[in-house]
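Data first, discussion second: the structure below is written as structure tokens.
The values are calculated or read from the model by the stated rules, or taken from the named source; none is laboratory data. The shown structure was predicted, so the numbers you read here are calculated from the model rather than taken from an experiment. All Cβ positions, even for glycine, are placed from backbone atoms using ideal geometry, and neighbour counts span all protein chains on display. Note: accessible area is taken over every heavy atom of the protein model, side chains too, but ligands, DNA and RNA are not part of it. Shrake-Rupley method; radii C 1.70, N 1.55, O 1.52, S 1.80 Å.
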Amino acid sequence: MGAVSGRLAARAAFVAAPIVLRNLTLTHERRPAVHHLSGTFAPASLTAIVGPNGAGKTTLLRAIAGLHAVAEGVLDLGGLPARAIGLLPQASALDRGFPVSCLDVVALGALGRVGAFARMPQAELDRAADAMARVGMQGFERRPVGSLSAGQFQRVLFARLIVQDAPVMLLDEPTSAVDARTEAALLGLMHGWHEEGRTVIAVLHDLELVAAHFPQTLLLAREAVGWGRTGEVLTPENRLRARLAAEAWVEAPEICDAPHSHAA
Amino acid sequence: MNWLVEPFAMGFMRRALAGCIALSVAGPPLGVFLVLRRLSLSADVLQHGILPGVAIGAAIGGATLWVMGLGGFFAGLLVALLGGALARATAGREDSQLAGVYLIALALGVAIISQTRGVDLTHVLFGSVLGVTDEALFLMAGVASVALIGLAVIWRPLVLESFDPLFLRALGGHGAWWHLGFMALVVLCVVGGFSALGTLMSLGLIILPAVAARHWAAELAGQIRASVALALAASWLGLMLAYHVDLPAGPAIVLTAGGLWVASLLAGSRDSLRARLRRPHFSG
């Protein structure tokens with residue numbers, strides 16, 4: 001129990017920090033994917049990121065997870081270490097043909113606590129089995145991940161995120177490819193994390209789902225079209241602006257010479 | 001049944017068998033990872049890459065095994081680093097460059113050895129059971145021990161790096177270091193095998209059982225057990241073939257391992273011809 005309470009204390013210490021973006025620009029090659037974005041994900045907030053394709057949603061999540069370099073501006077995580085940030089990636093990035101069992105994949109969520117070399121403790125394996133049950137995947141422990149459907153695999157990754165037990169949870173289209181019942185279960189888990197005081201940020205496309213479940217929304221079209229309470233952000237005008245911005249992205253852009261013009 | 005035992009009455013055959021058993025325990029697990037990480041051909045290039053190193057070692061130290069082995073080890077590491085750099089520079093389309101590296105390494109190695117007195121090119125390229133001296137046996141057993149322990153140590157990060165490299169990076173891990181460490185273990189095993197199997201054939205005992213193993217088990221641990229079993233069988237049968245038909249040990253063991261692969265392809269329990277012909281589906 002000592003280890004568990006120690007972990008909770010550590011999480012409480014992490015949670016105090018907001019995630020602050022100041023004039024943040026993220027690029028692919030030299031083209032901006034996120035352009036002069038400023039704002040704050042408050043601690044323990046539950047935020048949806050929505051926007052058209054190519055709006056920089058995935059790039060922003062990857063940057064917060066430390067997987068994409070900051071080109072300009074500041075991304076301040078308040079001293080959170082890498083392993084304090086859990087990321088549910090889009091599943092296509094993984095080698096699903098690799099012959100590992102579901103339970104092994106889920107248990108790897110504990111890597112940050114167990115370390116690269118130590119034997120996986122039975123407590124962590126139990127925890128992994130418990131996480132699989134919570135996403136409705138009990139009975140699949142010994143199955144190789146290659147034998148799962150896309151939706152089942154998504155649930156396994158979700159279970160790994162549960163085991164990771166990070167104070168900041170980033171989810172990239174978590175409910176794509178899952179059925180309605182699983183979607184409800186996953187949303188329930190996200191609400192649970194929110195109530196436990198974790199910062200939860202999810203990229204989503206289903207606006208009805210966002211309106212029903214997410215108090216905060218960032219409407220992104222490389223720049224922030226709106227960022228705040230969901231009802232105030234997802235207005236018809238803002239959604240039109242985001243769509244027009246996406247249509248206006250040009251083939252051969254000029255060099256952006258006003259790096260501070262969009263700063264909040 | 002005399003012909004089963006008779007070859008191993010000779011001391012050199014017993015040494016060769018002991019050495020190959022050591023390599024069969026350590027090499028095939030690495031091979032399973034090479035296959036799963038789609039690095040089989042890169043490993044082939046690596047194996048050719050050790051030849052110039054072995055040759056330079058021979059030119060400097062005469063036919064001293066340790067010097068040749070050390071030269072091969074460093075040359076292999078260099079090729080592994082070069083392969084990684086080429087993969088990055090070409091965004092994963094490094095195959096043509098690797099083919100170039102492999103040709104140059106082979107030509108360079110053969111050129112140096114042909115200028116070196118006291119070293120038999122055939123033995124270096126194809127191996128010789130007669131070459132398994134006590135010294136060679138210690139080399140084989142030593143590198144096998146290091147490779148086996150090394151793989152056990154890097155197992156978890158290596159699995160993660162193979163399956164989900166992004167997750168490893170998100171946790172602050174450095175995938176490239178695990179990859180390099182893994183390739184260093186492969187180089188070790190290839191160098192360990194060269195005195196018995198030859199630099200052209202050394203990888204055979206690592207890759208072929210690993211390729212065959214996927215026909216026997218679905219899970220990583222099962223594939224590794226199967227690959228070790230197949231490699232042990234190939235070592236024993238191959239050495240007998242070498243003795244009775246008077247073949248160099250390298251081709252004999254590799255042919256045997258190849259035969260076991262074909263047998264696995266035909267009769268294995270997964271993805272094999274047998275499984276394809278007769279597979280009633282489950283009820284649920």
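Brief remarks on what is shown
- Inter-chain neighbour count for A:105-117: the average number of beta-carbon atoms from partner chains within 10 Å of each residue's beta-carbon is 4.
- Relative packing of peptides A:235-243, A:28-36, A:128-136, B:21-29 - highest average C-beta neighbours within 10 Å first: B:21-29, A:128-136, A:28-36, A:235-243
- Per residue, the accessible area of the range B:2-268 comes to 41 Å² when a 1.4 Å probe rolls over the protein heavy atoms.
- Trypsin sites (Lys or Arg not before Pro) restricted to the range B:93-180 and DSSP loop, no more than 16 other C-beta within 10 Å: B:93, B:117
- Label point 7 Å beyond Cα of residue B:153 along Cβ direction - residues of the range B:77-95 with amide nitrogen under 18 Å: B:77
- Residues along the range B:131-164 losing 10 Å² or more of accessible surface when the other protein chains are present rather than the chain by itself (probe 1.4 Å): B:153, B:156, B:157, B:159, B:160, B:162, B:163, B:164
- Mean shadow area of chain A, taken as a quarter of the surface of its Cα convex hull (nm²): 14.9 nm²
- Here the sum of -39500 (n - 2.57) over DSSP H runs of 4 or more residues, divided by the residues of the protein assembly as shown, equals -19000 deg cm²/dmol at 222 nm, to the nearest 500.
- Hydrophobic long helices, here whole DSSP H runs in chain B with Kyte-Doolittle means of at least -1.0 and Cα atoms spread over 27 Å or more along the helix axis, are found at B:11-36, B:40-61, B:65-89, B:95-114, B:134-163, B:175-197, B:220-245.
- Counting, for every residue in B:30-38, the Cβ atoms of other protein chains within 10 Å of its Cβ and taking the mean gives 1.
- Fraction of antiparallel bridges per DSSP, the protein assembly as shown only, in percent to nearest 5: 50 percent
- In the frame of its principal axes, chain B has Cα extents of 66, 54, 32 Å, reported largest first.
- In plain terms, the bigger the Kirkwood radius, the slower the diffusion; for the protein assembly as shown, with that radius from Cα pairs, at 4 °C and 1.567 mPa s, Stokes-Einstein puts D at 49 µm²/s.
- Share of carbon and sulfur in the accessible heavy-atom surface of the protein assembly as shown [1.4 Å probe, %]: 62 percent
- Summed buried accessible area for B+A [probe radius 1.4 Å, Å², rounded to 100]: 2400 Å²
- Residues whose amide H comes within less than 5 Å of that of residue A:88, counting only those at least five positions distant or on another chain, are A:170, A:171, A:172 (H built at 1.01 Å from N in the peptide plane).
- Of all DSSP beta bridges in chain A, antiparallel share, percent nearest 5: 50 percent
- Among B:251, B:227, B:205 the positive-end extreme of the charge dipole of the range B:2-268 (Cβ point charges): B:227
- Antiparallel %, DSSP beta bridges [both residues in the range A:140-264], to 5: 55 percent
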